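Structure, as structure tokens:
The values are calculated or read from the model by the stated rules, or taken from the named source; none is laboratory data. Here the structure is a predicted model, which means the values were calculated and not measured. Because the Cβ atoms are built from the backbone with ideal geometry, glycine has one as well, and the counts that use them run over all protein chains shown.
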Amino acid sequence: MRYLILLLILWGCKEQSKSTKNTTEPIAAKVGEIKHATPEIEIVVLGTVQDAGAPQIACQKECCQNRFKAPDPSLRVVSLGLIDHTNQERYVFEATPDFPKQLRHLQVKAGFGVESEPDGIFLTHAHIGHYTGLMFLGREALNAKEVPVFAMPKMKSFLETNGPWSQLVDQKNIRIVPLENEKAIRLNPNIQVTPIKVPHRDEYSETVGFIIEGPNKKALFIPDIDKWERWDTPIETLIKKVDYAFLDATFYDGAEIGHRNIAEIPHPFIIESMQRFHTLHASEKSKIHFIHFNHTNLLLEPGSEPYKTVIKNGYAIAEFDAHFSL
């Protein structure tokens with residue numbers, strides 16, 4: 001009798017497994033069929049925070065203590081994802097310390113290739129929040145196979161000649177695709193990306209922003225730059241040429257840095273940017289999505305006075321998982 005009961009239990013588990021498989025596969029297929037709800041090409045915001053994250057290591061400020069106690073999974077280091085639903089391709093802008101979670105988020109949002117490698121990674125520069133996520137492509141982790149990494153000349157040389165990054169090249173975990181300033185690279189018939197050099201602390205590489213162009217719209221991504229005045233290109237000219245502008249907003253004002261002289265800090269403070277852009281038409285202001293927030297930046301706290309001020313003045317604040325059609 002005991003053997004008969006055991007056989008019945010095993011048979012029931014087998015049938016349940018078959019039943020589960022039969023119900024999940026059609027659901028996945030139906031999700032992929034909802035074409036009308038998904039733009040052909042779209043950007044997904046994968047992170048909005050400055051390189052060191054929020055909370056920041058060893059931070060004793062109240063903002064950090066609250067986040068240590070109650071971590072917010074949406075506070076990830078600055079990154080954009082790009083999805084081409086037609087060609088089933090996914091690209092990542094920046095390889096951050098949060099890269100594993102960000103890639104997974106992008107894969108799930110894309111609805112295809114959930115277990116596969118990204119189709120390419122674009123790097124702006126060699127500061128810790130923007131390239132160190134490449135480590136997860138190595139043999140200790142994914143052991144990827146020649147993932148295309150798009151990089152400017154100095155960035156390319158830095159990766160090829162310094163460990164552990166050079167090991168990724170030698171082991172063919174990554175394949176570096178060289179970029180040239182202001183020269184567009186076409187990923188497929190739907191997408192092209194153009195790097196644009198910007199002034200920043202270039203200890204190990206140059207720094208670039210990107211213009212990301214789809215069939216219908218364009219986006220500008222500049223997560224790091226010195227003061228706007230230190231750039232030969234007026235930022236307003238680029239804002240007018242694109243539909244979305246994701247711009248460096250590391251600090252809101254001098255209060256975050258102990259009231260030091262904000263002119264000495266190599267980032268455009270939000271109050272400086274708003275002052276510079278105040279004469280722009282409302283339609284131009286609405287294109288601007290501030291991003292790359294330091295852990296002290298109150299734009300990370302919806303409802304704060306700085307947050308309300310930015311919105312009141314006609315600008316947008318980049319949010320995790322926001323989608324933008326191209």
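A few notes on this one:
- Count of residues meeting criterion [outside any helix (DSSP H, G or I) and surrounded by 12 or more Cβ atoms within 10 Å (Cβ to Cβ)] in the range 267-282: 4
- Matching residues in the range 135-179 - criterion: being of a type in the set (Lys, Arg) and farther than 15 Å from Ala95 by Cα: Arg139, Lys145, Lys154, Lys172
- Scanning the range 185-200 for residues that are surrounded by 13 or more Cβ atoms within 10 Å (Cβ to Cβ) and not hydroxyl-bearing (Ser, Thr, Tyr) turns up Ile185, Leu187, Asn190, Ile191, Gln192, Val193, Pro195, Ile196, Lys197, Val198, Pro199, His200.
- The residues of the range 151-178 that are over 22 Å from Pro195 (Cα atoms), in contact with a strand residue (DSSP E or B) (Cβ under 8 Å, 6 or more places away or on another chain) and either exposed (fewer than 14 other Cβ atoms within 10 Å of the Cβ) or not hydrophobic (A, V, I, L, M, F, W, C) (or both) amount to a single one, Asn173.
- Consider the range 283-319 and keep the residues that are among the hydroxyl-bearing types (Ser, Thr, Tyr) and within 24 Å of Gln60 (Cα to Cα). The one that is surrounded by the fewest Cβ atoms within 10 Å (Cβ to Cβ) is Ser304.
Yes/no matrix, rows are residues, columns are (1) at pLDDT 95 or above; (2) among the polar types (S, T, N, Q); (3) over 22 Å from Ile291 (Cβ atoms):
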site: Pro148; (1), (2), (3): yes, no, yes
site: Gln171; (1), (2), (3): yes, yes, yes
site: Asp202; (1), (2), (3): no, no, no
site: Phe221; (1), (2), (3): yes, no, no
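- Residues satisfying the stated conditions in the range 182-208, i.e. without any contact (Cβ under 8 Å) to a residue 60 or more places away in the chain and among the β-branched types (Val, Ile, Thr): Ile185, Thr194, Ile196, Val198
- Lone unmet requirement of (1) closer than 23 Å to Gln88 by Cα; (2) part of a loop (DSSP other than H, G, I, E, B); (3) not aromatic (Phe, Trp, Tyr) for Glu182: (1)
- Residue that is surrounded by the fewest Cβ atoms within 10 Å (Cβ to Cβ), among those in the range 46-69 that are of a type in the set (A, V, I, L, M) and closer than 16 Å to Glu319 by Cα: Ala54
- Selection of the range 290-309 for residues being under 17 Å from the mean Cα position of the chain (by Cα) and touching a residue at least 60 places away in the same chain (Cβ under 8 Å) yields Ile291, His292, Phe293, Asn294, His295, Leu300.
- Failed criterion for Val77 (all others in (1) surrounded by 10 or more Cβ atoms within 10 Å (Cβ to Cβ); (2) among the aliphatic types (A, V, I, L, M); (3) modelled with pLDDT under 95; (4) closer than 30 Å to Ile121 by Cα hold): (3)
- Among the residues of this structure, Pro306 counts as one that is in contact with a helix residue (DSSP H, G or I) (Cβ under 6 Å, 6 or more places away or on another chain) and farther than 16 Å from Val198 by Cα.
- Unique residue being part of a loop (DSSP other than H, G, I, E, B), more than 22 Å from Tyr244 (Cα to Cα), more than 19 Å from the chain's Cα centre (by Cα) and not aliphatic (A, V, I, L, M) when the list is Glu140, Glu117: Glu140
- Looking only at residues of the range 240-266 that are touching a Phe, Trp or Tyr at 6+ places or on another chain (Cβ under 8 Å) and in a helix (DSSP H, G or I), we find that the one that is surrounded by the most Cβ atoms within 10 Å (Cβ to Cβ) is Ile262.
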